[in-house]
1. Which of the trypsin sites (Lys or Arg not before Pro) across segment 226-314 are loop residues per DSSP, with 12 or fewer other Cβ within 10 Å?
2. Loop only by DSSP, 14 or fewer other Cβ within 10 Å of the Cβ. Give me the chymotrypsin sites (Phe, Trp or Tyr not before Pro) in segment 271-324 that pass, ordered by residue number.
3. Sort 219-225, 95-101, 139-145 for me by packing, meaning the mean count of neighbouring Cβ atoms within 10 Å per residue, highest on top.
4. Given the rule -39500 (n - 2.57) for each run of at least 4 DSSP H residues, summed and divided by the residues of the chain, what is its mean residue ellipticity at 222 nm, to the nearest 500 deg cm²/dmol?
5. Return the sequence-ordered ³J(HN,Hα) values of segment 173-186 in whole Hz as given by the Karplus equation 6.51 cos²θ - 1.76 cosθ + 1.60 applied to θ = phi - 60°, using x for Gly and Pro.
6. Mind listing which GluC sites (Glu not before Pro) in segment 243-348 are in a DSSP loop and have 10 or fewer other Cβ atoms within 10 Å?
7. Would you please give the residues with an amide H less than 5 Å from that of Thr280, counting only those at least 5 places away or on a separate chain, with H modeled from the backbone geometry?
8. Using Cβ counts within 10 Å as a stand-in for footprinting exposure, how do His270, His165, His2 rank, fewest first?
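Please treat every number below as a calculation from the coordinates, not as lab data. Every value quoted in this text rests on a predicted model; they were computed, and no experiment measured them. Glycine gets a Cβ as well: all are built from the backbone with ideal geometry, and neighbour counts include every protein chain shown.
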Amino acid sequence: MHVNTDVVVIGAGQAGLSSAYFLRRAGLDHVVLDEADGPGGAWRHRWPTLRMATVHGIHDLPGMPFEAPDPDAPANRVLPAYFADFERRNDLRVERPVRVLAVRDRGGLLRVETDRGVWDTRALINATGTWTRPFWPRYPGQELFRGRQLHSSQYRGPEEFAGQHVVVVGGGTSAVQQLLEIARHGTTTWVTRREPEFHDEPFTPELGRAVVARVEQRVRAGLPPRSVVSVTGLNLTPAVREALAGGVLARRPMFERLTEDGVVWPDGRHERADAILWATGFRAAIDHLAPLKLRAPGGGIRLDGTRVVADPRVHLVGYGPSASTVGATRAGRAAVKEIKHLLAPAAA
């Protein structure tokens, strides 16, 4: 299959669907390519015990308010259903499952090569997020450990750790939420590279703008974006307060190495462990863009808003400052506005 279109959107999470909504309103011919076999983006892969009560604020998809669900409802069901309803109501053209292999420059067009054919396009919105690129740090002795090692993206609930001691590595929200679940069935040790910062102030629009500005400063400089929690800190929910008071969230600095049955601390002491949970975050899933040579010397992709400075035909939505539910919707609108302007001379 070989198709020509005005715009290809890669990814059908919040960023991709928001972009598709505004492309449809702008009257631009487009297609959305999604690797998953159903709607929901990364939410369809969240662990089954993650409930809506503990999910951070979800921003509406454009033109479709998100009705507050039962707080005990599983997030991996509620949000994919919301995304699926959005696709149906807006008659969005999502091709799935389609795995994008590479994007190449073909003079005036961009060629999107996939496992289901080729799309030639005049502009590209990349909205692939991070879920498919979990980050696994390397530590001495990792290959020796005989227990279980898993990334937080592979976590499926605390029951499988009943009676075990689990070392949880990572200072983000997933690390804290999963640790609190596991601690009700086994024992835990919490390890982070940096001292975690907790906050209890509400996430106001002013704070949101400040967070976006700090992340945007990095991508404008061509540096890899930092995680949101590295900027905002961890939220002091009632459950977190209780865990801090009870010593469950007694953080320790990183261990020095792993052994066959545990970890060794910098002072030489050994601690037994049955499992290591690496809640160490994700990296942007942009390897398919490598043929375009978009990376800046700093290792990231330099952006002006959502537009890639090295190639104005390419926009990254859900990357850096727009890697949040509220940011993705705004960025989708902004990207489409710029693309409409970019394509206007050719359309005239």
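1. Sparse-neighbourhood loop trypsin sites (Lys or Arg not before Pro): Arg269, Lys293.
2. Of the chymotrypsin sites (Phe, Trp or Tyr not before Pro), not one in the loops of segment 271-324 has a Cβ with at most 14 other Cβ atoms within 10 Å.
3. Final packing ranking: 219-225, 95-101, 139-145.
4. -8000 deg cm²/dmol
5. After applying 6.51 cos²θ - 1.76 cosθ + 1.60, I find 5, 4, 4, 5, 5, 6, 4, 4, 5, 5, 4, 7, 10, x Hz.
6. Glu260
7. Close amide H contacts, sequence-distant or interchain: Ser152.
8. Exposure proxy ranking, most exposed first: His2, His270, His165.
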